[in-house]
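Asks: One structure follows; several queries about it will come next.
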Amino acid sequence: MSYLSALPLILDKTSNMNTRHLVILFLDQLSETLSALSGFDSSRDTVLMIEADDLFCNVPHHRLKIAFQIAAARQFAASLAESGYRVRYSRLEDADNTQIWQHEAVRLCNDITPEKIIVTEPSEWRSHQAVLSLRELCSFPVEMRQDTRFFSTKEGFSSFASSRKVLKMEHFYQRQRKEHGVLMDGNKPIGGKWNYDSDNRRSLPADTIIPPTTRFKADRTTQSIVRLVNQRYPDHPGSDFPFYFAVTRKDALTLLEEFIQTRLACFGDYQDAMAFDQPWLFHSHLSFYLNNGLLLPKEAVSMAEQAYDQSMAPLNAVEGFIRQIMGWREYVRGIYWHKMPSYREENYFNMNRSLPALYWHGNTKMACMAQCVGDTLQHAYAHHIQRLMVLGNFALLTECDPAAVQDWYLAVYADAYEWVELPNVVGMILHADGGYLASKPYVSSGNYINKMSNYCGCCHYQVKEKSGDKACPFNYLYWHFLLTQKDRLSSNPRLVFPYRTLAKMSKEKLDQIKKDSETFLENIDDA
Ligand code: FAD
Ligand code: SF4
């Protein structure tokens, strides 16, 4: 049965007949193996899925992201219906949709009157709160099941974190590898080392051929969703860019296999590299699907491990990729749930400047920022080093309010959900948690960007210049940041060298840094 012919079925308003369990799925729970679906009885149970304006408007989410979420969720609902599940689906354009997820859930629960509601724990704080409130707002019992798609549990992470004086991703990652027997030789890591990050810092040679990525042409159904989103959210970023995401599990699996076969081997070497007009490089571009459930982290890790066993990719690449998924991805989720809701309010440096407007349009003389913002707006994607060492670095050096930075990152990336975006912003790029997630702020001068990219060659600013109108702004802003945060950072053992250099600078030089930085910050819209 095609998606279109399944559509009446998923909209069937009589599917509430004699419902035993009502299984509510969120739009990022598109996995048939989801714990909430375990034990589902097609003759007595019903699946409920809800689209609502409030899901897409808490920040101005990128239009490609919204269309991707809706298209994938509707395809998933249709595939469930095709397999015999009874599905009730509340679409954005339905006349009776109340447009607030929680109200919609209450309305439909009261309509369906199940014996029990079942959910898999939602990924984000606000959805979690909304489910908890259902317990009060409806008279039906609510069973919340663990999300078994992750390698670790929230509770396991919390007890790990509570038992440590200093939290380190590396310790958590090693524990994950041991516990799940991934890349292990007995109780030792394969190859003798846990982490091959030091091998993974090459810049991209000019003649490198980057394998093309399959782009899926939006079918008529997806095109109509894109039109709906464009009409409904005209002020959100991301107009007129082509839609090419996979919206079915089958297509997402094709992308996973393609990555393993064509890009994984070079993933490690060029993980930190950046290049003009090359947003994708050797990255996997799988976060969209890992985060909405079309792909499972365990299958991605297992396929990467197999590629190593079959000598299709070297250890530095496979370990690097697996570390991102079993290590960083689960580490940030653990911190999110361990620290919420107060984690959202962290502001260690008391930064309060607004986010520069250039983050929303990309018009700037700084070539690196123009490229990274441009990639982001066009694809609802930028790779990790662009997010971290250009966009994030600049947000911290320009003293942006963490709340504004969080909103931007949550809005613009198609893989952005608060559980993964927030710790990366608060802990990794802004150090707003005072060093809970990462032991030092990821700040750098233009030198790092120049080493890892070809951006600087085409820039209005000169990366070698340290002061004056033509100097690369990252150069003086970097020292200005260390100077202004001296009280908080100078005792950090990982910042001994820069603070030693700072201590040797003449008063004239320090005054110049201050003057250049203040002038820049005052005129940031002209940068
Ligand atoms: P690859 O480079 O191919 O990495 C493989 C996978 O590892 C990714 O798909 C992702 O699932 C995981 N991963 C890698 N690094 C991280 C990390 N730091 N945290 C969590 N998972 C990681 N990732 C998101 O999925 N959603 C976000 O909202 C998000 N926001 C970010 C915000 C900032 C400020 C930063 C610095 C990073 C953020 N990341 C986020 C992490 C990372 O940048 C993206 O996961 C990655 O760029 C996605 O592209 P990819 O699939 O090609 O990743
Ligand atoms: Fe960015 Fe500075 Fe290089 Fe220009 S010179 S691209 S601003 S790092």
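The values are calculated or read from the model by the stated rules, or taken from the named source; none is laboratory data. Given the structure is predicted, the values throughout are model-derived calculations rather than measurements. Don't worry about glycine lacking a Cβ; one is built from the backbone with ideal geometry, like all the others, and counts go over all protein chains shown. For the accessible areas, the whole protein counts, side chains as well, though only heavy atoms, and no ligand, DNA or RNA atoms are used. Shrake-Rupley method; radii C 1.70, N 1.55, O 1.52, S 1.80 Å.
Asks: Report the semi-axes of the equivalent ellipsoid for the chain in whole Å, largest first, where each axis is √(5λ) for an eigenvalue λ of the Cα gyration tensor.
Replies: In descending order, the three semi-axes are 41, 26, 23 Å.
Asks: Based on DSSP H runs of at least 4 residues, each adding -39500 (n - 2.57), what is the mean residue ellipticity at 222 nm of the chain after dividing by all its residues, to the nearest 500 deg cm²/dmol?
Replies: -13000 deg cm²/dmol, from helical runs alone.
Asks: I've got another one for you. Would you mind telling me the share, in percent, of accessible area of the chain contributed by carbon and sulfur at probe 1.4 angstrom?
Replies: 49 percent
Asks: Given charges of +1 on the Cβ of Lys and Arg and -1 on the Cβ of Asp and Glu, with all other atoms neutral, how large is the dipole of the stretch 228-382 about its Cα centre, in debye to the nearest 20?
Replies: The calculation lands at about 480 debye.
Asks: Another one. Could you give the accessible area per residue of the stretch 262-391, probe 1.4 Å, as a whole number in Å²?
Replies: Details: 3940 Å² over 130 residues.
Computed with neighbouring chains in place, this is 30 Å² per residue.
Asks: Per residue, how many Å² of accessible area does the stretch 20-157 show with a 1.4 Å probe?
Replies: Here the residues of the stretch 20-157 average 33 Å² of exposed surface.
Asks: Let me know the volume per residue of the alpha-carbon convex hull for the stretch 297-427, in Å³.
Replies: About 122 Å³ per residue, rounded to a whole number.
Asks: Something else about it: Quickly rank 183-191, 481-489 as a protection proxy: mean count of other C-beta atoms within 10 Å, highest first.
Replies: Values: 183-191: 13.4, 481-489: 16.6.
Packing order, densest peptide first, comes out as 481-489, 183-191.
Asks: Separate question: The stretch 444-520 to the stretch 271-327: how many Å between their Cα centroids?
Replies: Their Cα centres are 33 Å away from one another.
Asks: Can you tell me the length gained on complete extension of the stretch Ala503 to Arg353, counting 0.36 nm per residue apart and subtracting the Cα distance?
Replies: So the extension gain works out to 51.3 nm.
Asks: How big is the dipole moment of the stretch 422-474 about its Cα centre under a simple scheme where the beta carbon of each Lys and Arg is +1, that of each Asp and Glu is -1, and everything else is neutral? Debye, nearest 20, please.
Replies: For this selection, approximately 180 debye.
Asks: Then there is this: May I ask you to give the solvent-accessible area per residue for the stretch 475-522, in square angstrom, as obtained with a 1.4 angstrom probe?
Replies: Solvent-accessible surface per residue comes out at 61 Å².
Asks: Along the charge dipole of the chain, which of Ala438, Leu132, Phe276 sits closest to the positive end, that is, farthest toward it, with unit charges on the beta carbon of Lys, Arg, Asp and Glu (+1, +1, -1, -1)?
Replies: Looking along the dipole axis, the top candidate is Ala438.
Asks: Still on this structure, please answer the following. Please list 39-45, 222-228, 205-211 highest first by mean number of surrounding beta-carbon atoms within 10 Å per residue.
Replies: Top to bottom by mean Cβ count within 10 Å: 222-228, 39-45, 205-211.
Asks: Turning to a different aspect of this structure: For the stretch 274-371, rounded, prolate or oblate, judged on the Cα gyration tensor with a ≥ b ≥ c (square roots of eigenvalues), a/c < 1.5 rounded, else prolate if a/b > b/c?
Replies: oblate
Asks: Return the ratio Rg/(2.2 N^0.38 Å) for the stretch 191-334, where Rg is computed over Cα atoms only.
Replies: With N residues counted in the stretch 191-334, Rg over 2.2 N^0.38 Å equals 1.17.
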